[in-house]
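Notes for the one structure printed next.
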Amino acid sequence: MSVLTTSGYLSPALQRSLTFARPTLLIPTIRHLQTTPAQNLAATATVPPHPKLLPDNKVSDQWKEDADVAAVKDYMLRHPVYTPDELSSITVTKRPIQGPSDWVAYNAVRLLRLGFDTFTNYSDKIGVMTEKQWLNRIIFLETVAGVPGMVGGMLRHMRSLRLLKRDNGWVHTLLEEAENERMHLLTFMKMKQPSPVFRFMVLMGQGVFFNAFFISYIISPRTCHRFVGYLEEEAVHTYSNALKDIEVGHIQHWKGKKAPSIAVEYWKLKEDAMWDDVVRAVRADEAEHRDVNHTLAGLKPDEPNPF
Ligand SMILES: [Fe+2]
Ligand SMILES: [Fe+2]
């Protein structure tokens, strides 16, 4: 719409007539046009940011690290922080099988472990696994490990809505577990960016595992928590082997490799922490998941979460 006089301003008479004709549309338009042409230009011109204000991709590592730290500070649930004694006191445990439900859970874990071991070419022997094999193993494992907590938390949440009653504190613990596992994944991805084939396998794995766990949790939450408990026993075992390989195997250089800032911030590690410190913290998380899930498996659905 052209309503300007030759000087670029509206005459008062024209303003009155236009305002009368279409008041709601024209009032903001007239207010804008009553500024000077120079002001109009300044208000509408797009000024590109100074090049120094843009992230420099060539030196972006630090920038990405800072962004990671900001994300951890802003969005995370509870941060697990361990004392040196807690980190060193983690042990591999095996809970005995008690009843058919435990038997099903235990053997499902054995079957899953067999698949994992084959796919990631895993060996339990110390000094055999290369760094690439370790990272493939850990990254694939963590993409799966983040599923149960989210599915369990979601189903407990829906149950609470559906039955119009309190959840008694399970949802938060399960969602924290899911986030914690995702932090393991994001941390180890600082060492390796998986190939397209690997990513495709993750996609397929999640499609199968999410649905299988979802249906299983609807049928028997107790068996599912026991399953996660046994699965985490295996995770503690695997990370304990990784720590031994850091001592004597092919990943000894992890002891001299600086921990990424995302891990330092999340676990509140000391500033000069190395990757072996990260692995110790991750192992402690897995031990906590193990104990939490074995405990939840022994509770009735309406009993309060003791954690
Ligand atoms: Fe994990
Ligand atoms: Fe875990």
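Read the figures in this text as sums done on the coordinates, not as results from a lab. All values derive from a computational prediction rather than experimental measurement. Please note: Cβ atoms are built from the backbone with ideal geometry, for glycine as well, and neighbour counts cover all protein chains shown.
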Reduced Cα scattering model of the range 161-290, Debye log10 I(q)/I(0), q = 0.21, 0.22 Å⁻¹: -1.38, -1.43
Using alpha carbons only: equivalent-ellipsoid semi-axes of the range 129-183, gyration tensor based, whole Å: 32, 9, 5
Pair residue 203, residue 94: separation of 7 Å Cα→Cβ label points (nm): 4.0
Peptides ranked, highest mean first, by Cβ atoms within 10 Å: ranges 84-95, 168-179: 168-179, 84-95
Dimensionless Rg over Rh [the range 57-297; C-alpha; Kirkwood]: 0.96
Inter-label distance, nm, simple model (7 Å from Cα along the C-beta direction), residue 78/residue 271: 2.9
Among 196, 292, 208 - extreme Cα towards positive end, dipole of the range 194-307, charges at beta-carbon: 196
Cβ charges +1 (Lys, Arg) and -1 (Asp, Glu), total dipole of the range 57-297, debye: 660
Over 28 Å between alpha carbons, listed pairs 125/268; 190/268; 94/300; 94/192; 125/270: 125/268; 94/192; 125/270
